[in-house]
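The values are calculated or read from the model by the stated rules, or taken from the named source; none is laboratory data. In this text, all values refer to a predicted model and were calculated from it rather than measured experimentally. Cβ coordinates were reconstructed from backbone atoms using ideal geometry, including for glycine residues, and neighbour counts include every protein chain displayed. Ligands, DNA and RNA are excluded from the accessible area calculation, which covers all protein heavy atoms including side chains. Shrake-Rupley method; radii C 1.70, N 1.55, O 1.52, S 1.80 Å.
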Amino acid sequence: MNNKEIYINNTLTGKKEKFKPITENFVGIYVCGPTVYSEVHLGNCRTFVFFDTLVRYFHFLGYKVRYVRNITDVGHLVNDADEGEDKIAKKAKLEQLEPMEIVQKYTLNFHEVMHSFNTLPPDIEPTATGHINEQISMVEKILKNGFAYEVNGSVYFDVKKFLESGNDYGELSGRNIEDLLAGSRDLDGQQDKKSPQDFALWKNADDSHIMKWDSPWGVGFPGWHLECSAMSSKYLGNKFDIHGGGMDLKFPHHECEIAQAKGANHEHPVNYWVHSNMLTLNGKRMSKSTGNTILPFELFTGSSSHLTKSFSPSVVRFFMLQAHYSGVLDFSNEALIASEKGFRKLMNAFDLIKHHDFVEQHIDEQQNSKVESLCSSCFTFMSDDFNTPKVIASLFELVSIVNHFNSTSWSISNSTFELLQKTFCGFIEEVLGLENEITGNSSLTNQLIELVLELRKDAKANKNYQISDKIRDELVKIGVEIKDGKDTTSYTIKN
RNA sequence: GGUCUCGUGGCCGAGCGGCUAGGCAGUGGUCUGCAAAACCAUCUACAUCGGUUCGAAUCCGAUCGAGACCUCCA
């Protein structure tokens, strides 16, 4: 088996399947982005960090990737009974701002946070309001195919009709229509719908609405699920490789996307559905109402009551990747502290390997093949449904070996060292997207530290330990950690 | 109420029929003027009760417990 063949747990089929791109060497990915009505919370970040890692791995293997992640800036209702206020418009009234101001503010915030987590920007980041025409044409297509109906200026998807013509509604979330009917509640303002599980494609807007557009059915705005269907098909085609998002979007959002796409184009829009799991805080779900939540910036500044200190985005990213994306991950101060230490250890070895001047000496065959097989296992694990925790475990095993070499001798061949350097550094930087947290590390800073260490060395040589310890302790206080080797001294700058 | 998922050592977290996951913490050494870092060695596991199997954290059933979705959410 080739360990660069990717296997993906397809949540549509519930099976791990070998990934076969529609077009050889190309991969199209759509991930549901945020609704920009408030600051991104950490759970969102986990999803985007994971899909960033997925995209990075495809790049690493040489695929040409088109990664589309939308910005929802209209159409997302406060409740999903297709009745109620638009999230953006509600927040706009609350803050006395224009809807576009809200969108701008939180889009910028989102980008800033994503940047700090070292995620690569998507290749296309379309907005819902920028694709009203595409959404209207999609509604027209669905109407023409007979899977929607118009009532009082609104258009609804006709789930019953869809089922009657041999389609499945619930294939992704494993629900059947009886369950849905049994579980549905009586909500106000649903009298326009023929059936409770029908969902809005286009909503009529009354005078109180500030965000609205002309359409063949009068003035209104698009339904939430529609934008993803319209934009994914526009940029990736009616059928594309991978669709991702958080678990919680499986139903109803992704289910509706499938129905819409089939209703418009008569085919399932996606080959592989990938869903990342939730993030909990201290064992409980994050929720703004109970205060059980952390915002990214609170993490970076340490200002949350759930934390005893601040954590850098790299540490948080590393922490997230230490768990598999498909499981629930619990976030806690203690777990973060443990991760931070491990992260430092990993990154120290990264620096060591990256800058090591390797000279081939003797070769220990056993060590040599151990390094080779660990390098190979990084690909095997990453290809097996993006198993980042196992990849990290292999990297740590390499860390031990490398540190051992460093304190004894490097008993591997030239070519093995090159493989190690390429694989270890490649996985850390390019695949996992981890970066050393050293900030403001200008060459001037380094030169100054080296000068100070030079003075300390002199003091030590003169057995003036009072001076040498003072230098060391004061440097530690300002975040420079000293590591004395046999004949050299190295240092690490902590933030 | 309906539909699912999960219960792993002091903590986090992989594995999902036989082979040491890994990280953090702990313990004992080595190195060092002392530290730190690093190295070597080492201790704690698979919720409970049954069943299948030569063999089960891993499969099946029951019980208890936790969580998610069905309602805005990544």
Q: Scan the stretch A:463-495 for residues that are in contact with a helix residue (DSSP H, G or I) (Cβ under 8 Å, 6 or more places away or on another chain), surrounded by 13 or more Cβ atoms within 10 Å (Cβ to Cβ) and of a type outside the set (D, E, K, R) and report the count.
A: 10
Q: Taking residue A:286 as meeting all but one of (1) modelled with pLDDT of 85 or more; (2) not assigned by TED's automatic domain parsing to the domain that holds residue A:164, write down the number of the exception.
A: (1)
Q) Does the stretch A:270-304 hold any residues that are within 14 Å of the chain's Cα centre (by Cα), surrounded by 18 or more Cβ atoms within 10 Å (Cβ to Cβ) and closer than 30 Å to residue A:7 by Cβ, and which are they? A) A:274, A:275, A:276, A:277, A:279
Q) Just for the stretch A:414-433: of the residues that are under 27 Å from residue A:316 (Cβ atoms) and of a type in the set (Asp, Glu), which one is least open to solvent (accessible area, probe 1.4 Å)? A) A:429
Q | Complete set of residues in the stretch A:346-365 that are of a type in the set (A, V, I, L, M, F, W, C) and open to solvent by 80 Å² or more (accessible area, probe 1.4 Å) | A | A:359
Q: Collect the residues in the stretch A:305-318 that are without any contact (Cβ under 8 Å) to a residue 40 or more places away in the chain and either open to solvent by 10 Å² or more (accessible area, probe 1.4 Å) or assigned to a strand (DSSP E or B) (or both), keeping them in residue-number order.
A: A:305, A:306, A:307, A:308, A:309, A:310
**Q.** Counted residues, the stretch A:133-153 - those being assigned to a strand (DSSP E or B) and either open to solvent by less than 50 Å² (accessible area, probe 1.4 Å) or under 19 Å from residue A:227 (Cβ atoms) (or both)
**A.** 3
Q. Taking the condition without any contact (Cβ under 8 Å) to a residue 60 or more places away in the chain, surrounded by fewer than 17 Cβ atoms within 10 Å (Cβ to Cβ) and basic (Lys, Arg), does residue A:460 pass?
A. no
Q) Which of the residues belonging to the stretch A:152-176 are among the small types (Gly, Ala, Ser) and away from RNA strand B (no atom under 14 Å from the Cβ)? A) A:153, A:154, A:165, A:166
**Q.** Residue that is farthest from residue A:173 (Cα to Cα) [pool: residues in the stretch A:1-52 that are touching a Leu at 6+ places or on another chain (Cβ under 8 Å) and part of a strand (DSSP E or B)]
**A.** A:28
Q: Select from the stretch A:368-408 the residues that are small (Gly, Ala, Ser), open to solvent by 10 Å² or more (accessible area, probe 1.4 Å) and within 12 Å of RNA strand B (Cβ to nearest atom) and list them in ascending order.
A: A:373, A:377, A:393, A:400, A:407
(Q) Checking the structure you have, find out if any residue of the stretch A:263-270 is more than 13 Å from RNA strand B (Cβ to nearest atom) and part of a strand (DSSP E or B). (A) yes
Q | Residue, nearest to residue A:145 (Cα to Cα), within the stretch A:223-239, restricted to residues that are surrounded by 24 or more Cβ atoms within 10 Å (Cβ to Cβ) and in contact with a strand residue (DSSP E or B) (Cβ under 6 Å, 6 or more places away or on another chain) | A | A:226
Q: Give the residue that is farthest from RNA strand B (Cβ to nearest atom), with candidates limited to residues of the stretch A:17-39 that are open to solvent by 10 Å² or more (accessible area, probe 1.4 Å) and among the β-branched types (Val, Ile, Thr).
A: A:23
Q | Any chance residue A:65 is within 24 Å of residue A:225 (Cβ to Cβ), among the aliphatic types (A, V, I, L, M) and open to solvent by less than 60 Å² (accessible area, probe 1.4 Å) | A | no
